[in-house]
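Student: This is the structure I have questions about; it appears just below.
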Amino acid sequence: MKVFEIENICYSYPDGTKALNDLSFSVYEGEILGIAGANGSGKSTLLMLMMGCLSPLHGKIIYEGEKLSKQKLMIMRRETGILFQDPDDQLFLPTVWEDVAFGPRNLGLTEEEVALRVNSALRDTGIEALANKAPWKLSGGEKTLAALAGLFAMRPKTLLLDEPTSGLDPKSRRELINIIGRTKNTAVIATHDLDMVMDVCQRVVIMKNGTIESDGKVPGVLTDREFMASCGLEIPLSLTSRFS
Ligand SMILES: Nc1ncnc2c1ncn2[C@@H]1O[C@H](COP(=O)(O)OP(=O)(O)OP(=O)(O)O)[C@@H](O)[C@H]1O
Ligand SMILES: [Mg+2]
């Protein structure tokens, strides 16, 4: 089944920057889809549109078979967790624990259920020790992990992750990749971390200047040095021979 269908969307920012140009693709239930592309190719803009934070100028976004109306948007948001590229955009309560608890509390769960979810999300992201710390006093990577804990605590069906591994140390990165790899959720991951794409994604979309240059199975074009260079990218490190 298709979770998202993106049909011919175009988007320009108010200052006139054309960010997405006639872009179409689908996200299938249960898949982990990578979105790669050079800086400014439109990855974050695309995730913001999918989440309904921005509206397309042309084209449409269909969620589980229905165009995103006001009501469908509410359903989609309940079922989908987004990690923004800048975690400062999503942490706002006095402690990490409170922040992670915010979403589950809004679902109307009992305090006992909220505590269970928060503790398991903090454990999964390896930040139990930061539970009582103020989010604005965290390091960049710790903020990303706290924002991810907030997502996991909501138990969303679909994850939209914008640069989830950026700023993470190798151990946290590996643990996050393991969590994503284990998930039964549908996930869309915008990232420059092509080795993570190799590890966890079944499919990868390559973007360039607001359009899709390639959409196919991993590794596919990730092994094509020339194609990747034409999109301002390099092949994943794991495919680079030390001797070449
Ligand atoms: N708020 C904004 N106002 C105007 N232009 C913007 C805004 N945000 C992004 N853009 C422009 O839209 C285009 C796409 O940006 P976007 O952030 O989607 O790229 P990206 O692929 O996520 O890049 P990165 O890899 O650096 O995160 C770029 O040309 C960027 O300059
Ligand atoms: Mg981005």
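The values are calculated or read from the model by the stated rules, or taken from the named source; none is laboratory data. In this text the structure is predicted, and so the values were computed from the model without any measurement. We place every Cβ from the backbone using ideal geometry, glycine too, and count neighbours over all the protein chains shown. The protein model used for the area step is the full one, side chains on, heavy atoms only, and it has no ligands, DNA or RNA in it. Shrake-Rupley method; radii C 1.70, N 1.55, O 1.52, S 1.80 Å.
Student: Look at N21 and say whether it is open to solvent by 40 Å² or more (accessible area, probe 1.4 Å), touching a His at 6+ places or on another chain (Cβ under 8 Å) and at pLDDT 95 or above.
Tutor: In short, no.
Student: I would also like to ask the following. Considering only residues that are away from ligand 2 (no atom under 16 Å from the Cβ) and of a type outside the set (F, W, Y), which ones fall in the stretch 34-66?
Tutor: Residues satisfying the conditions are G52, S55, P56, L57, H58, G59, K60, I61, I62, E64, G65, E66.
Student: Check Q85 against each of (1) more than 16 Å from ligand 2 (Cβ to nearest atom); (2) in contact with a helix residue (DSSP H, G or I) (Cβ under 6 Å, 6 or more places away or on another chain); (3) closer than 26 Å to M48 by Cβ; (4) part of a loop (DSSP other than H, G, I, E, B) and name the one condition it does not meet.
Tutor: (1)
Student: Here is a further query. Six or more apart or on different chains, Cβ under 6 Å: which pairs go from a residue in the stretch 76-104 that's more than 22 Å from A187 (Cα to Cα) to one that's charged (D, E, K, R) and buried (at least 16 other Cβ atoms within 10 Å of the Cβ)? Could you list them?
Tutor: The qualifying pairs are L93/D99; V96/K133.
Student: Checking the condition at pLDDT below 95 and more than 27 Å from A36 (Cβ to Cβ), which residue from R105, R78, R117 passes?
Tutor: Values: R105 fails: at pLDDT below 95; R117 fails: at pLDDT below 95.
Sole residue among the options that is at pLDDT below 95 and more than 27 Å from A36 (Cβ to Cβ): R78.
Student: Also, quick follow-up: How many residues, within the stretch 160-176, are out of contact with any Ser or Thr (no Cβ under 7 Å at 6 or more places or on another chain), open to solvent by less than 50 Å² (accessible area, probe 1.4 Å) and away from ligand 2 (no atom under 16 Å from the Cβ)?
Tutor: 1
Student: For the stretch 56-81, which positions are open to solvent by 80 Å² or more (accessible area, probe 1.4 Å) and among the hydrophobic types (A, V, I, L, M, F, W, C)?
Tutor: Residues satisfying the conditions are L57, M74.
Student: Does Y28 count as away from ligand 2 (no atom under 16 Å from the Cβ) and open to solvent by less than 20 Å² (accessible area, probe 1.4 Å)? Please lay out each step first, then the result.
Tutor: Values: away from ligand 2 (no atom under 16 Å from the Cβ): yes; open to solvent by less than 20 Å² (accessible area, probe 1.4 Å): no.
In short, no.
Student: Another question about this same structure. Please work out which one of (1) outside any helix (DSSP H, G or I); (2) under 16 Å from the mean Cα position of the chain (by Cα); (3) farther than 30 Å from L222 by Cα is the condition A146 fails and give its number.
Tutor: (1)
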